[in-house]
Amino acid sequence: MRRLLIVLGAASVAALLAGCGGSSSGDGSSAGASGGKTLEVVATTTQVQDFTRVIGGDKIKLTGILKPNVDPHDYEPSPADVDAIAKADILVKNGVGMEKWLDDTVSSAGFNGATVDTSKGVPIRQGSDAKEEPAGDPHIWQNPENAKLMVANIEQALASADPANAAFFKANLDAYDAKLDALDTEVAGQIDSLANQKLVTNHDAFGYYIDRYHLDFVGSIIPSFDTSAELSAKDVADIVAKIKATSVKAIFSESSLPPKTAETIAGEAHVKVVEGENALYGDTLGPAGSEGATYLQMIEHNTRTIVSNLAST
């Protein structure tokens, strides 16, 4: 997963905001793009909200657009979302076409701050239907290596907007990078231990994870990056045939999607559905207190769920 309708790289953000950063204000809040106050930052998806929270800490005021377990593909922004963007100094988005609703919202808000596209520098995976998904696969966070690029883009933007707190943001980035490296190593070790690595998911949201850890992707119930894509009778027949032909034992549902279609296909293919509290976190993090409340917890939960179910088949 704008007062300027362009995607800004680090250099552009620096140029735009050079006059807005400064020393701390008298009340202890950091000087930022809003002119002596704590930076007002709006982040779209739950993943980039978590990344922004980690890097910005108490030096920013963060407002999130999407809530946990809300599908970002067909989201309809509220008047409160428009108001938050209108007041923001920085808007952080996932990019790669994830927030198809965002441009109109930015226009309605009259936003003239800096937009940070966290996908800058991330190698984008392409789908089988370039006409349907011309921007490519937007689920870039599913690979922790990509997450490192995403948080780096956020850190650069915050440091450019608020130079007085640049060292704080950089320290948070370095600490989080170490956690992402450890997470990546742990996931790779768990996936490598599997003899059965065949994966079927609710929609095509895990391509970066699958590529990173060399899983065998059989297919998805919705054969698209977008959950709002239409599912045809041929799509259903095709995935049922693939499941039967490859001896897949489970279909992994997702927390933000109803499991009904997955259950129907699982019944036809005679396999189980992994759902409920064990559903994978695909497009969204989970609520506070859940196993997917943060990005790190999300990846840990997904890996634990995949390994436990594939190892038992």
**OP:** Answer with yes or no whether S23 is surrounded by fewer than 24 Cβ atoms within 10 Å (Cβ to Cβ), in contact with a helix residue (DSSP H, G or I) (Cβ under 6 Å, 6 or more places away or on another chain), of a type in the set (S, T, N, Q) and modelled with pLDDT of 95 or more.
**Re:** no
**OP:** Return yes when P259 is farther than 24 Å from G136 by Cβ, modelled with pLDDT under 90, surrounded by fewer than 23 Cβ atoms within 10 Å (Cβ to Cβ) and within 24 Å of the chain's Cα centre (by Cα) and no when it is not.
**Re:** yes
**OP:** Only one of these is open to solvent by 10 Å² or more (accessible area, probe 1.4 Å), basic (K, R) and farther than 30 Å from S253 by Cβ: K93, K120, K100. Name it.
**Re:** K120
Original post:
Residues of the range 72-90 being in contact with a strand residue (DSSP E or B) (Cβ under 8 Å, 6 or more places away or on another chain), open to solvent by 10 Å² or more (accessible area, probe 1.4 Å) and in a loop (DSSP other than H, G, I, E, B), which ones?
Top reply: none
Original post:
So is I191 open to solvent by less than 10 Å² (accessible area, probe 1.4 Å), part of a helix (DSSP H, G or I) and modelled with pLDDT under 95 or not?
Top reply: no
**OP:** Identify all residues within the range 196-254 that are outside any loop (DSSP other than H, G, I, E, B), modelled with pLDDT of 95 or more and among the aliphatic types (A, V, I, L, M); write none if there are none.
**Re:** I210
**OP:** Please list, ordered by first then second residue, the pairs with beta carbon atoms under 7 Å, 6 or more apart or interchain, first in the range 54-70 and surrounded by fewer than 24 Cβ atoms within 10 Å (Cβ to Cβ), second among the acidic types (D, E) and at pLDDT 95 or above.
**Re:** K59/D162; K61/E40
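The values are calculated or read from the model by the stated rules, or taken from the named source; none is laboratory data. Owing to the predicted nature of the structure, the values given are computational and were not obtained by experimental measurement. Please note: Cβ atoms are built from the backbone with ideal geometry, for glycine as well, and neighbour counts cover all protein chains shown. These area figures cover heavy atoms from the full protein model, side chains too; ligands, DNA and RNA do not enter into them. Shrake-Rupley method; radii C 1.70, N 1.55, O 1.52, S 1.80 Å.
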